[in-house]
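The next block holds one structure in the form of structure tokens; read it before the comments.
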Amino acid sequence: MVTERKPTFFQSLAAGGLAGTAVDILFFPIDTVKTRLQSAQGFIKAGGFRGIYKGMGSVVVGSAPGAAAFFSTYEAMKRSIPLHDQLAPVNHMLSASVGEVAACLIRVPTEVIKTRTQTSTYGASASSFKAATLVLHHEGIPGFYRGFWSTIMREIPFTSLQFPLYEFLKSRLSIYLDRKPLYAHEAAVCGSIAGGTAAALTTPLDVLKTRVMLDLRDPSKQQVPTLPMRLQQIYVQEGAKALFAGIVPRTMWISAGGAVFLGVYEWAVHGFMSA
């Protein structure tokens with residue numbers, strides 16, 4: 001069996017940026033449908049199937065640096081955390097969680113703009129740039145981080161499920177094939193299974209994140225519910241079904257997106273390593 005080389009920090013950075021941009025642009029319409037299904041105003045009032053590329057500008061700006069921050073941090077943490085063999089899943093959970101926190105520092109502002117543009121919060125004709133200027137004008141810099149903690153609350157359970165499962169599936173497939181590294185399409189299959197499973201299980205947290213980002217109330221001037229209270233309100237007022245709003249497009253998007261995201265990452269990083 002060929003020994004697998006480890007990517008450098010800059011190789012992870014470049015490959016991660018490429019992978020993030022590819023998946024976010026390719027599956028953007030599905031993300032729009034999911035977000036509109038989760039909005040409190042309802043799918044039709046949020047735009048239905050019209051303008052499903054609204055908010056693309058913020059994604060173009062944020063995808064590459066957000067994904068690059070995640071993968072470079074993830075790979076660095078995997079090497080530095082002294083947990084291997086039987087404890088490798090714990091290593092992957094911790095590494096991915098730290099990676100997500102780093103990525104969210106970049107991703108959340110673009111998510112706020114994207115989510116509000118997708119649901120026509122500032123009007124059907126508002127662009128990503130217009131939404132960004134309105135957020136800055138009305139809420140200041142803190143407005144770009146509205147939903148930061150709810151995003152972290154979603155991403156850590158999601159990534160703690162996705163990446164240990166992804167690494168486990170890659171390990172088992174490598175043993176079965178007696179070959180490392182896997183080809184990009186093989187890693188993509190592992191990424192698809194891992195991503196779809198984690199996406200379905202964490203949908204309620206994704207609904208919570210969407211609702212927080214779309215809430216325009218000023219926390220400094222009026223009381224807003226805590227995250228647990230918001231979940232309870234959704235359940236009591238709208239039923240358990242609302243907590244799983246958008247589960248089908250979310251699972252489809254992240255299952256297919258996981259294949260592209262992790263497949264492109266493996267393809268790019270090994271391409272850079274062999275260059």
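Any residue in region 153-162 that is of a type in the set (A, V, I, L, M), crowded, with 22+ Cβ neighbours inside 10 Å and either within 15 Å of Gly258 (Cβ to Cβ) or at pLDDT 90 or above (or both)? Within region 153-162 (the criterion being of a type in the set (A, V, I, L, M), crowded, with 22+ Cβ neighbours inside 10 Å and either within 15 Å of Gly258 (Cβ to Cβ) or at pLDDT 90 or above (or both)), the answer is no, since none of the residues qualifies.
Candidates are the residues of region 178-226 that are open to solvent by 30 Å² or more (accessible area, probe 1.4 Å) and among the β-branched types (Val, Ile, Thr); the one that is farthest from Gly147 (Cα to Cα) is Val189. Residues of region 104-132 that are open to solvent by less than 10 Å² (accessible area, probe 1.4 Å) and of a type in the set (S, T, N, Q): Thr115, Thr117, Gln118, Thr119. Residue under question is Ala40, and the condition is that it be over 19 Å from the mean Cα position of the chain (by Cα), outside any loop (DSSP other than H, G, I, E, B) and not polar (S, T, N, Q); does it hold? Spelling it out, it is not the case that Ala40 is over 19 Å from the mean Cα position of the chain (by Cα), outside any loop (DSSP other than H, G, I, E, B) and not polar (S, T, N, Q).
Each row is one residue, and each column tells you yes or no for (1) buried (at least 24 other Cβ atoms within 10 Å of the Cβ); (2) touching a residue at least 24 places away in the same chain (Cβ under 8 Å).
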residue: Leu231; (1), (2): no, yes
residue: Ala240; (1), (2): no, no
residue: Leu243; (1), (2): no, yes
residue: Ile254; (1), (2): yes, yes
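When restricted to residues that are open to solvent by less than 10 Å² (accessible area, probe 1.4 Å) and on the phi > 0 side of the Ramachandran plot, region 49-84 contains 1. Among residues of region 49-69 that are over 18 Å from Thr35 (Cα atoms) and part of a helix (DSSP H, G or I), those with a beta-carbon under 6 Å from a residue that is of a type in the set (Gly, Ala, Ser) and modelled with pLDDT of 90 or more at least six positions away or on a different chain give the pairs Gly66/Ala103; Ala69/Ala102; Ala69/Ala103.
The values are calculated or read from the model by the stated rules, or taken from the named source; none is laboratory data. Only a predicted model underlies this, so the values are computations on that prediction, with no experimental measurement involved. So basically every Cβ, Gly included, is an ideal-geometry build from the backbone, and we count neighbours across all protein chains shown. The protein model used for the area step is the full one, side chains on, heavy atoms only, and it has no ligands, DNA or RNA in it. Shrake-Rupley method; radii C 1.70, N 1.55, O 1.52, S 1.80 Å.
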